[in-house]
1. Please say if the stretch 180-219 is rounded, prolate or oblate, where rounded means a/c under 1.5 for a ≥ b ≥ c the square roots of the C-alpha gyration tensor eigenvalues, and otherwise the choice is prolate for a/b larger than b/c and oblate otherwise?
2. If packing is taken as the mean number of other Cβ atoms within 10 Å per residue, what is the order of 261-273, 410-422, highest first?
3. So what are the ³J(HN,Hα) numbers for the stretch 43-50, from phi and the Karplus equation (6.51, -1.76, 1.60; θ = phi - 60°), rounded to whole Hz, Gly and Pro as x?
4. Could you give the length gained on full extension between residue 406 and residue 229, defined as 0.36 nm per residue of separation minus the Cα-Cα distance, in nm?
Amino acid sequence: MHHALYIQEILLHIFGHCCPTESHWTPNRLSFTTDLAVLARTCRAFKEPALDVLWSELVDLSPLVRCLPGACQSLGLSYSFKRQLNETEWETLRSYTRRVWHITGYSNLHGWLDSDNFIAICNTPIMEPLFPNLRSLYWQGMAMIPVTHIAVPSLTSLDLHFRRVPVLNNFLDSVGELSPNITRFRIYVFQCQILHEAICSHICRWANLRVLDFHGVIVDATMVSRLSEISGLTYLSFTLIPGVTDWIPSSGSVSVFPRLMHLEMASESLGPVTGLLSCTQLPVLQNLVVVCPRCPSKEVFRSYMTTVQNVCSPESLINFLFFNNKSPRLPLSGTPDSESDGQLTLDDLRPCMGFVNLWQLRVDIKWSVALTDSDLVALVSAWPRVQYLHINEEWGWRTTGGITLRGLVELLERSRSLSLLCIAIHAESFTELPHDLDEALVPSMPLRILLADSVIRAADVPALVDVFVGLRVYLRFFVALNDVAMVNRVGAEGRGGGWRQVFDGVNERLWGPSRAAGGE
C-alpha cells in the first residue's frame, strides 16, 4: 500500500467523500454507511479514520444500541437492550460516542429506540460527557439528552425544539456555563410563546455568537436592544410581541449592531418594526426581511421606508424584502387591516433608490400598483446591479394597464443584470414589434418574467406571440407564468389560460411543436 495512505489526514479527506450530503436519513445514507463500515474492516490503517467518519454524525441514537449485538435485541422496527450493560460494553459504546461531532435528530432523536433505552444510554455509570467532542446538536422530541453529556466546550451550534419556554430556560442555564463557544443558536418553540428575560440573559453570555434565530419565540423591543451587546452577531431573526401598535424608544437610546448582515422580523403590524428600527444602527446590514400580516396605512409604510433609509448604509443593503401576508411565526389577534385600497407608487419606493448596490427588491403589499414605465426605469437606473425586481406577486397589481411594450424594452436596455421581473404588462400596447430594437442587446443572464395579474384578451394572443418572438434577443428564457398565483387571485380567472397560449405559441415558433408541447 502506498505510504501516503498511512497518513490519517489524507484518509480522513478521502473517506469524507463517502458521506452523504443529506442531513436526514435516505437510502443513500445507508449505502454510504455500509461503505465506511467495510473500509473500517479492510486493514488497520483504515480502521480509525473510517470509524471517525462513520460516527461523525448521528441522525438518532439507535446505532449506539445496534453496535452492541450481544446486549441488543430487535423488536420489529425498534431496538432495545435485553440486559444491563457491563463495564466493557460501556467502554465499547464510549469508543464510538467520542467520535460523534454532529447529532441531527430531524425527525426524532430516539429514532428506532424506545424511551426506556434512551434513558439507559443517557445514564452512564461514568461521570463524564457521553459526547465529549460534540460540535453541533439538532434536537427535536419530548425527552432531552442530559446536559452533562452534550454541554461541552467543543459545542458551537444548537438547534433546539421545545414545547415550553420554561424548559428552554432551565436547559440554557446549564449550557451557558459549560459551552461558552456557541456561535449558532436556533430556537423553535411550538405555539408562539413569549421569551423570558432570563433566556435573553443566558444568550448574551455567548460572546462568540454569530447566528441567532427565534422561531415561534416572541420577543419585545427591549430584549432586541439587549442583543446588541453581542458585538459579533451577523444573523438575527425574531417575532415582535403582538398587540403593540407602536413602540417608542427611550430618549437618546440607540442600539448598534456593528456586524449584523441579515435581519428578519415578523410583526403583527408595521408600526413596532419602524419604532424598533428608529433606535437602531445597522452599518453593514445586507439583507432586510420584514413580514407583517396587517396591511399598513400609506403614512405608516412611508415612515418605515424612510426609517430604513436612515438606519442602513447606502452601500451595504443589497436585499430588501417586505411581505404583507400571513406569517407562520405570528398568530393574528383579530385587529382589522388599516388600509387595503391604497396604491403603490414611486414615491413609496423612492427611499430605497438611495441603496446603490441593491440586488433584490421584493415588495408584496395589499395595495394596487400604480407604477408607470418611467417609474420602473427610474428604479432600475438607481440600481445598476439589480437582478430581482418583484412587485406584488401575491396580491397582484389590480390594474387594467401595466407596463407597455416600449416600457419593457427600455427597462431591458437600462438594466442588463435583471434575471427576474414580477410585473403586470399592458397587453393591448403589444400590438406590433418596434423595428428599432438593438439586436446586440442581450441580458447578462437568463431573464424570467412573472406576469402578476396581467389582463389579456383572446384577440391579443397572436400579436403577443409575434412580439415575444421578436423579443427573444432580450429574453433567453421566455415568460414564466406563475399560474397558481394567477388562478387563485380574485378577478384574475381565465388569464392564466390566455398567457399559456402565448407561452406555447412562442415556444412553437422558436423551437418547434414537440418542444412547445413539452412546456419548455
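1. Here the stretch 180-219 falls in the oblate category.
2. Those peptides, ordered most packed to least, come out 261-273, 410-422.
3. For the stretch 43-50, the Karplus-derived couplings read 7, 5, 5, 8, 4, 5, x, 5 Hz, x marking Gly and Pro.
4. Between residue 406 and residue 229, full extension yields an extra 58.5 nm.
Every read-out reported here was derived from the displayed coordinates using simple, explicitly stated rules and does not represent laboratory data. For clarity, every value in this text was computed on a predicted model and none was experimentally measured. Every residue, glycine as well, gets a Cβ built from its backbone with ideal geometry; the counts of neighbours run over all protein chains shown.
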